[in-house]
1. When the helix-only estimate is applied to the chain (DSSP H runs of n ≥ 4, each -39,500 (n - 2.57), divided by the residue count), what is the mean residue ellipticity at 222 nm, nearest 500 deg cm²/dmol?
2. What order, most packed first, do the peptides 188-197, 50-59 have when packing is the mean number of other Cβ atoms within 10 Å of each residue?
3. With a Förster radius of 22 Å, plug the Cβ-Cβ distance of residue 30 and residue 2 into 1/(1 + (r/R0)^6) and report the FRET value to the nearest 0.05.
4. What percent do you get for the relative contact order of region 418-493 when only Cα pairs under 8 Å and 6+ apart count?
5. Arrange the peptides 436-444, 141-149 so that the one whose residues have, on average, the most other Cβ atoms within 10 Å appears first.
6. Under 19 Å from a label point 7 Å along Cα→Cβ of residue 409: give me every residue in region 101-115 with its amide N that close.
7. For a Förster distance of 22 Å, can you work out the FRET efficiency between the beta-carbons of residue 337 and residue 438, rounded to the nearest 0.05?
8. Let me see the pair-distance distribution of region 2-315: every alpha carbon pair, 20 Å bin width, integer percents in order.
């Protein structure tokens with residue numbers, strides 16, 4: 001019953017629905033007791049010759065009327081109980097999805113996509129079954145069992161009832177044993193299903209890499225192993241499932257055998273009538289469904305408990321960065337300066353700091369360039385400006401306010417962010433760009449694409465803005481993906497634009513045009529650009545050079561060239577490489 005206790009909040013919210021649904025089940029159980037009683041009387045009247053035509057037609061009329069009434073009641077409880085369970089499924093899906101959107105990046109480092117998908121596709125339906133079929137089997141089996149036993153004891157014979165129930169303790173022992181096995185095996189089966197989902201997701205996402213390295217057959221073999229493991233886990237669950245029905249059938253058949261033998265003796269000894277014995281057998285037959293239902297109930301509850309455990313484990317995790325309700329957070333902030341003061345940051349579960357004593361000040365309308373080797377901390381710095389990780393000690397400031405004092409929504413609505421790993425939706429180009437601004441007009445979409453140097457490419461597509469780009473933009477080149485991502489950020493017209501190495505896949509000429517558009521259209525607004533190609537930041541007001549999370553150089557392009565350090569050496573090398581590429585006719589891929 002722990003499963004129902006965990007769902008108590010839902011049953012309290014929809015108590016009227018479940019009250020009337022359960023009341024319908026109880027009424028049905030009461031009415032199901034009438035036919036065996038009438039049949040017993042009918043048999044005795046036939047045996048004694050007392051049955052008349054009018055009495056027979058009365059019995060038939062009563063049975064037909066009960067059938068119609070039972071039809072209406074069954075429709076009612078199905079609508080109420082199963083409708084309620086579907087509401088629970090919808091609520092849990094919405095809660096789960098909303099929780100996913102609030103979680104910090106570290107949450108997705110700890111949890112595989114396949115496991116999260118398994119919770120949504122397998123565990124939540126199992127919980128829904130608990131609130132629907134589980135409630136049905138609990139109420140119906142209890143009511144029918146109690147009422148049938150009462151009629152068997154008081155309307156027929158208590159000795160016969162006691163004899164017929166002798167095998168029932170074995171049923172209780174068996175179902176308790178099976179229930180524990182089922183819970184453990186179902187939990188492992190769900191974990192295996194999550195592993196299977198994760199493998200499929202990675203294979204589909206990385207299909208180009210698999211093909212380029214000719215690893216299709218090996219991946220298929222690996223999938224077969226994962227699939228076989230999942231199969232065996234589910235077969236182990238099915239083996240326990242398969243034991244319920246035969247166990248119940250054997251025990252019920254023993255009850256019938258005892259009732260028939262001992263009941264015949266009671267009839268012969270005139271302790272009960274033949275009609276009583278037939279009625280008793282019919283009442284015992286009414287116990288068949290409750291016995292099976294009890295087995296199903298254990299099955300459903302154990303599955304639901306395992307699924308609730310997996311779901312609640314995820315829902316109980318709190319985002320590392322969230323708006324603290326105990327403090328009055330600023331809900332609206334004006335775009336102004338951005339400052340970082342001696343910030344040192346270490347990722348959760350990491351030993352080495354990703355950033356060490358980083359400081360800079362950026363006034364409104366200025367451009368900050370961040371450069372450095374791969375892994376130097378450029379993307380980390382951008383994520384911290386978005387407050388994706390807890391900082392503490394008031395190290396980052398927006399418009400003079402510590403980032404911890406600003407609500408997440410107020411902060412992030414001022415920022416348009418193009419991540420290093422661009423994500424496009426499996427929709428049209430229009431929908432992908434308009435994602436950055438609700439109700440964007442055609443002119444605004446085309447203007448954003450023009451600024452991102454993508455409009456000409458779109459016009460060359462047969463369907464133009466209505467071109468479906470496939471999952472993660474599979475129909476586009478790397479440079480086209482980046483430019484659509486940039487257009488999506490530009491259409492938002494945010495006060496702060498962060499481009500996290502978002503020009504790496506475009507050629508130098510296209511990059512220069514995009515930078516020119518940014519300078520013209522974003523005059524007076526703040527821009528932060530991280531890049532490997534230094535030409536993207538030469539006109540920035542401030543440039544930071546990171547090395548293993550530490551700022552090793554800083555200044556304008558001219559000042560850094562005068563310092564003749566890593567920046568100057570890297571810039572000269574890239575300029576020479578670009579000249580060689582241009583001489584060879586290189587282009588964007």
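What follows draws every value from the coordinates through simple rules; no lab data is involved. Quantities reported herein were computed from a predicted structural model and do not represent experimental measurements. Please note: Cβ atoms are built from the backbone with ideal geometry, for glycine as well, and neighbour counts cover all protein chains shown.
1. Here the helix-only value at 222 nm equals -19500 deg cm²/dmol.
2. My ranking of the peptides, most packed first, is 188-197, 50-59.
3. Computed FRET efficiency for residue 30 and residue 2: 0.15.
4. About 52 percent, as a whole number.
5. Most protected by this proxy first, the peptides run 141-149, 436-444.
6. Hits in region 101-115 for residue 409 at 19 Å: 101-104.
7. The pair residue 337/residue 438 has a calculated efficiency of 0.15.
8. Percent of pairs per bin, in order: 26, 45, 22, 7, 0.
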